[in-house]
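The values are calculated or read from the model by the stated rules, or taken from the named source; none is laboratory data. The structure presented is a predicted model; accordingly, all values stated were derived computationally and were not measured. Neighbour counts run over all protein chains shown; Cβ positions are idealised from the backbone, glycine included. Side chains included, ligands, DNA and RNA excluded: accessible areas come from the protein's heavy atoms. Shrake-Rupley method; radii C 1.70, N 1.55, O 1.52, S 1.80 Å.
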Amino acid sequence: MGIFEAMLLTIITAATPLVLAAIGELVTERSGVLNLGVEGMMVMGAACGFIATQATGSPYIGILAGIAAGALFSLLFGFLTLTLVANQVATGLALTILGLGVSSMIAEPYLGQSGIKLPQIVFPVLSDIPFLGPVLFKQDLIFYLSIALVAGVNWFLFKSRAGLKLRSVGDSHASAHALGINVIRTRYLAVMFGGASAGLAGAQLSLVYTPQWAENMSAGRGWIALALVVFASWRPWRIVAGGYLFGAVSISQLYAQAFGIGIPSQLLSALPYLATIIVLILISHNRRMTLINTPASLGKSFVPDR
Amino acid sequence: MKKLLFALATTAAVIGFSAGAYAADKAKVCFVYVGSKTDGGWTQAHDIGRLELEKALGDKIETQFLESVPEGPDAERAIERLARSGCGLIYTTSFGFMDATVKVAAKFPDVKFEHATGYKTAPNLATYNSRFYEGRYIQGQIAAKMSKKGVAGYIASFPIPEVVMGINAFVTGARAINPDFKIKVVWANTWFDPGKEADAAKALIDQGVDVLTQHTDTTAPMQVAAERGIKAFGQASDMIKAGPETQLTAIVDTWGAYYIKRTQLFLDGKWETQSSWDGLKDGILTMAPYTNMPDDVKAMAEETQKKIESGELKPFTGPLKKQDGSEWLAAGASSDDGTLLGMNFYVEGVDDKLPQ
């Protein structure tokens, strides 16, 4: 295996959790809800995924547990912001802090244990393609899921009737409500999808990336996912582009250091963020395009007047 | 509302009073941790020391700790809170707590402070450190014997003297065995991020290193090394569980004896400020069992350890050259502690440019 294949494999592992958490948050935000609790839901998914895997011996049950944990945890956010109409920004931040605390507490007995790594699923013929085969078709289930999810979300948002309704809720909840769309239910479902995706991203951390549990192991990836949604200007495939760009730059800088390239490591560490900012500036250059894609009701609470 | 406030005030007063009364019985010794007390590395080692202290002097003192305290302004608040709550002796256990500890120590002249791995002292502020580099020198020797390619990988955290010293000790040890030995360094710019540490390990292994060592706190690099079938060294705690067939040895911090000694002095009223820097011979630093290596390598490692303990061998002894080829130490000369504590250059054999 050449060094570039090896690098690509590392990049894919690093980018997958970002893509997963970001695509979930994208759907949530498209419905007009800003959930800043991605980091908290992610770390809950990591903890519950790891615990379930250790208890049952099956990482696939761990994946389900991670998804369920993220979805349930986001339900708390949904209840507070949608039913009780609490401030979304404050509640999201609280969700992150709560998630970090609760996950540390429930997973404490599992610290220091070596986990079970999610096995690879090898596609018989495709994996023999030179170069791309081993990189793309010798991966674990979560990687395949991440790509399928992005394709699915893209189709759902822009090709399906339900997706159109979801976007209309995000753009103008009052008009959607007048048209008879159940705004609150739509938003609940979108929030839970976001939670489930973040939970799956967390499970990837504790089952694929580093099969172990460590407190706060998401280490800020939830925040990067949040930034990616803006980076992608709420378009699904751009999440993949952004996630892989970020992953590629942050991994290449480690390889460059090991190669002995002689550039200060502090600068190299800042590169992924720098690259993201530059692309963001380029994208938002076209103000009209940005406005079209930004959900107009983002972050605004909705109280149906009965 | 007034009633509620009154109730709160009374409750607070009662709690404050009872805490005060309790503190009068037993001296309160407090700890500030940068990580979780079960992190499997740096902080856990300090917490084991705290438990040993409790076991030894539990009838005269009680201990209290704050964990996962971030370095920066929060640290100052946390330390001050402890000082206010009646702690007589406070150990702050991370380099990044230095300035916060100095500030709080100035405000509370009657409270004694001990700061780990720092270099600023005051009449009521002592520092303590461990000569980790002695262990890294032994690791370097083992690496030189175990590596087939003559290249080791080193995952570093931040370019501070402590870490640079470790890198240099490792290389110096390795080159004492194999004069052509080289190391590749990757700066993760974090103490704690399992994912990033694993990525760094992969980057190093993909570029051909066959022994891995780390100066970051999680077991993720050990796990990657195990997966890729190379050998590795543990950091701060014995990491054998993460790599039963991978770990060669680990530097294990054993702070207990120091905590007991200093707390006893505090109880006797004989506590004085100092800058303590002990090593293998004092037992503040121990090596995890030498495993997964042939007997002759193990014998060599034990031999080196004995020589360091007896003072016969000082890891940084000339002839040693700096990375640029200029002379650092003449034959037979040993480095003074001041140079080590402010180390900001590489020795020969490091394949990296030191971030300044």
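Sorting the segments B:159-169, A:83-93 by their mean number of nearby beta carbons within 10 angstrom, highest to lowest, gives B:159-169, A:83-93.
By a 1.4 Å probe calculation restricted to protein chains, B:Leu341 has an accessible surface near 80 Å², given to the nearest 10.
Ranking B:Ile230, B:Ala126, B:Gly40 by Cα position along the charge dipole of chain B, where only Lys, Arg, Asp and Glu carry charges on their C-beta atoms, puts B:Ala126 farthest toward the positive end.
Sort B:Ser157, A:Ser284, A:Ser250 by accessible area with a 1.4 Å probe, largest first.
Largest accessible area first, the residues go A:Ser284, A:Ser250, B:Ser157.
By the rule of a C-alpha distance below 14 Å, with chain neighbours fewer than 8 residues away ignored, the aspartates and glutamates paired with B:Lys148 are B:Asp180, B:Asp210.
What fraction of the DSSP beta bridges in chain B is antiparallel, stated in percent and rounded to the nearest 5? Here the antiparallel bridges make up roughly 15 percent for chain B.
Counting each DSSP H run of 4 or more residues in chain B as -39500 (n - 2.57), what helix-only mean residue ellipticity at 222 nm follows after dividing by all residues, to the nearest 500 deg cm²/dmol?
-13500 deg cm²/dmol
Buried area at the B:A interface is about 2700 square angstrom, summed over both chains, from accessible surfaces computed with a 1.4 angstrom probe. Note on B:Lys26: lysines with a C-alpha under 28 Å away, same-chain residues under 8 apart excluded, are B:Lys37, B:Lys55, B:Lys60, B:Lys103, B:Lys107, B:Lys112, B:Lys261, B:Lys270.
The calculated 222 nm mean residue ellipticity attributable to helices in chain A amounts to -23000 deg cm²/dmol, summing -39500 (n - 2.57) over DSSP H runs of n ≥ 4 and dividing by all residues. A crude spin-label estimate for the pair B:Asp110 and A:Trp223, with each label 7 Å from Cα along the Cβ direction, gives 4.0 nm.
Put B:Thr190, A:Thr56 in order of accessible area, highest first, and with a 1.4 Å probe you get A:Thr56, B:Thr190. Taking every residue in B:200-212 and counting other chain Cβ atoms within 10 Å of its Cβ, the average works out to 5. Note on chain B: GNM, Cα springs under 10 Å; of B:Ile308, B:Ile142, B:Ile251, the largest mean-square fluctuation is that of B:Ile308.
Straightening the chain between B:Asp336 and B:Gln274 buys 20.6 nm, computed as 0.36 nm per residue apart minus the Cα-Cα spacing. Applying a 4.7 Å cutoff between beta carbons, the unpaired cysteines of the protein assembly as shown are A:Cys48.
Across region A:130-145, rounded Karplus estimates of 3J(HN,Hα) from the backbone phi angles (6.51 cos²θ - 1.76 cosθ + 1.60, θ = phi - 60°) give x, 6, 6, x, x, 6, 9, 10, 10, 10, 8, 4, 5, 5, 4, 4 Hz, Gly and Pro being marked x. Ranking A:Ile51, A:Ile281, A:Ile251 from most to least accessible surface, computed with a 1.4 Å probe over the protein chains only, gives A:Ile281, A:Ile51, A:Ile251.
Round to the nearest 10 and report in Å² the accessible area of A:Tyr209, as given by a 1.4 Å probe over the protein chains' heavy atoms. Accessible area of A:Tyr209: about 10 Å². For B:Asn189, no residue whose modelled amide H falls within less than 5 Å of its own remains once neighbours fewer than 5 places apart on the same chain are excluded.
Of the residues A:Leu80, B:Val186, B:Leu51, the one whose Cα sits farthest towards the positive end of the charge dipole of the protein assembly as shown is A:Leu80 (charges of +1 on Lys and Arg Cβ, -1 on Asp and Glu Cβ, taken about the Cα centre). May I ask what percent, to the nearest 5, of DSSP beta bridges between residues of the protein assembly as shown are antiparallel? Antiparallel bridges: around 25 percent, rounded to the nearest 5. Residues whose amide H falls under 5 Å from that of B:Val211, counting only those 5 or more places apart or on a different chain, are B:Gly153, with hydrogens built in the peptide plane. Residue by residue through A:215-225, how many Cβ atoms from other chains fall within 10 Å of the Cβ on average? If you average over the peptide's residues, the count of other-chain Cβ atoms is 4. Across peptide A:107-114, the average count of Cβ atoms from other chains found within 10 Å of a residue's Cβ is 4.
A simple packing score, the average count of other Cβ atoms within 10 Å per residue, orders the peptides A:176-183, A:38-45, B:86-93 as A:38-45, B:86-93, A:176-183, with the highest score first. Evaluating 6.51 cos²θ - 1.76 cosθ + 1.60 at θ = phi - 60° for every residue in region B:126-133, the Karplus couplings come out as 9, 10, 9, 8, 10, 7, 4, 4 Hz, glycine and proline recorded as x. Which part of region A:279-302 falls in the paramagnetic zone of A:Ala174, meaning amide N under 17 Å from the point 7 Å along Cα-to-beta-carbon? From region A:279-302, the list is A:296-302. Taking trypsin sites (Lys or Arg not before Pro) in DSSP loop states with no more than 14 other Cβ atoms inside 10 Å as exposed sites, chain B has its longest site-free stretch at B:150-269. The charge dipole of region A:3-293, taken about its Cα centre with unit charges on the Cβ of Lys, Arg, Asp and Glu (plus for the first two, minus for the last two), comes to roughly 940 debye. About the centre of its Cα atoms, the protein assembly as shown shows a dipole size close to 2260 debye [charges on the beta carbon of Lys, Arg (+1) and Asp, Glu (-1) only; nearest 20 debye]. Remark: region A:38-55, residue by residue, has Karplus-estimated 3J(HN,Hα) of 4, 4, x, 5, 5, 6, 5, x, 5, 5, 5, x, 5, 4, 5, 5, 5, 6 Hz, where x stands for each Gly or Pro and the curve is 6.51 cos²θ - 1.76 cosθ + 1.60 at θ = phi - 60°. Placing R0 at 30 angstrom, the Cβ-Cβ distance between B:Ala122 and B:Gln64 gives a FRET efficiency of 0.85 after rounding to 0.05.
Near B:Ile90, the amide H atoms lying under 5 Å from its own belong to B:Cys30, B:Lys112, B:Phe113, B:Glu114; only residues 5 or more places off or on other chains count, and H is placed 1.01 Å from N.
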